[in-house]
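Quick notes on the structure that follows.
The values are calculated or read from the model by the stated rules, or taken from the named source; none is laboratory data. Note that the structure is a prediction, hence the values are computed from the model and not measured. With ideal geometry, Cβ positions are generated from the backbone for all residues, glycine too; neighbour counts draw on all protein chains shown. Heads up: the accessible areas ignore ligands, DNA and RNA and are worked out on the full protein's heavy atoms, side chains in. Shrake-Rupley method; radii C 1.70, N 1.55, O 1.52, S 1.80 Å.
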Amino acid sequence: MDDVLTLSAGENRPLPSSAVTVSVRSASPVNTSAILLTDAGRVRSDADLIFYNQPAGPGVGYRSAGAVDIVTVDTAALPRDITTVVVAASLDGSGPSTFATAGALTATLSGGGEELTFAPTGLTSEAAVVCLEIYRRNDTWKVRAVGQGYDAGLAGLVSAFGIEVEDDPAPPPEPGRPPRVTDPQPWPPASQPQSPPAAAPSPVTPPPAPATTQPTGVPMHSDLFAPSHAEVSGQGIQKQGSKMCRIGLSGEVMARTGSMVAYQGDLNFEALGSGGLGRMMRQAMTGEGVPLMKVTGRGDLFLANAASDVHLIDLDGTDGLTINGANVLAFDSTLRYDIQRVQGAGAMSNAGLYNCVFTGRGRIAITTDGTPVVLNVDAATYADPQAAVAWSSSLRTSVKSNDSFNLGTLMGRSTGERFTLAFSGQGFVVVQPSELPPGGFIGGTGGGGAAGSGAGGMLGGILGR
């Protein structure tokens, strides 16, 4: 575009072209609609509401392009009695209930070599917002930034313009339109509670519908067909619910051996062991590492590990990630990893004596036993060695002894917290709500096949390969 202009609420400008495109982007899932109005500010009929279930009208069209909804307006093709086209966004019920916590909402109008953008601000209890108005004043078409909304959502919005809304069950979502997912989580990973999706209010009177939805062509009904269970979209490693990840694959990815639960498309699986002779020997001696398979091809790959919670971390190359091998689910092949001794660790623990260290730029999917807490290390920080899952590689680690080894300890009167893993420096520590070692002590922490503890586990790992 030649010119880019940011509009403020209430500002109007001449429409740059008779044919324009309005793109609506939102951090939370929304339904975008266009409403055709007469001089009286009312619709002529329900046909003047253009949205995903009625995507075309005279001079106006709607389509979804994944993360963005697109409304096209050709003023030359509008009926003469239509003087205003309202472009609005309403929360679809699967995320926040109001725009106060829904994140950024932006409407961008393009045409005639110009681009006008508007981001409504100061929203509180609104669940539907009028973004832009394209209106005719005398014989000149203009665009106005509005940014006003309705607490009653889409139902309140369309009712204000003369569309009657009955209290029938809402129609099912458009077939084949998966919910948008605001993943991945940045480093540090943040736990996001999963709330059940609420049905969006019906903008027009639908035919009687069952209480549950069904996919097209499937002769059955179940809440399993709700959008919350639909396959997420996008390329690369994505979260599929809270305990699974989906990888839109067009190339290759590294995944934990045995973690595949389903796939679609043309994919090939190649077992890699621990990756490299030197790393294999270190894994045999330490019990640490990740039993890997390389997955190549084009398709969708679904991974999980014992119903553990899944989290995504993006590494930007400025710091590494130190993690127990048993907590690694998948990672981009652009990342490098090695097995290194935990600095200062002289006790058996979930962290063990050795851990995997990932460096480079790329995404990694990790698992935790339950919802973790992420501690910001800006002061001395301590964690139970069995619960510490991962941390910034730039942190310094040591082991603090909390119990004196004496007669009371031998007789079973220990505090149960004899050793604590200490962290110092600047970074983050991921701590899970579980002290269960994922693969036993030292020899089996990585789940790499060297199960057991002590020298037996080490020798078994070496001799058994």
Can you tell me the order of 141-148, 383-390, 34-41 when each peptide is scored by its average per-residue count of other Cβ atoms within 10 angstrom, highest first?
383-390, 141-148, 34-41
For the range 9-65, alpha-carbon Rg and Dmax in angstrom
13.0, 34
Take the Cβ-Cβ distance between Leu224 and Tyr382 as r, set R0 to 41 Å, and report the resulting FRET efficiency rounded to the nearest 0.05.
0.40
Rg from C-alpha atoms of the range 10-104, normalised by the globular rule of thumb 2.2 N^0.38 Å, equals 1.12
Pairwise centroid distance, computed over Cα atoms, of the range 226-263 with the range 91-158, Å:
33
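Expressed as a whole percentage, what fraction of the accessible surface of the range 67-123 belongs to carbon and sulfur atoms when a 1.4 Å probe is rolled over the protein heavy atoms? If you can, show how the numbers build up before the last one.
Details: 990 of 1960 Å².
Carbon and sulfur: 51 percent of the exposed surface of the range 67-123.
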So between Lys400 and Ser250, what do we pick up on full extension, going 0.36 nm a residue minus the alpha carbon distance?
49.4 nm
Expected output is a single nm value to one decimal: the length gained when fully extending between Arg44 and Asp151, i.e. 0.36 nm times separation in residues minus the C-alpha distance. What is it?
36.1 nm
Suppose the chain between Ala262 and Gln426 were pulled fully straight at 0.36 nm per residue; how much longer would it get relative to their current alpha carbon spacing?
55.1 nm
R0 of 41 Å, Cβ-Cβ distance Ser97-Ser18: FRET efficiency to nearest 0.05:
0.60
Can you give me the distance in nm between label points at Glu435 and Thr124, each placed 7 Å from the Cα along the Cα-to-Cβ direction?
4.8
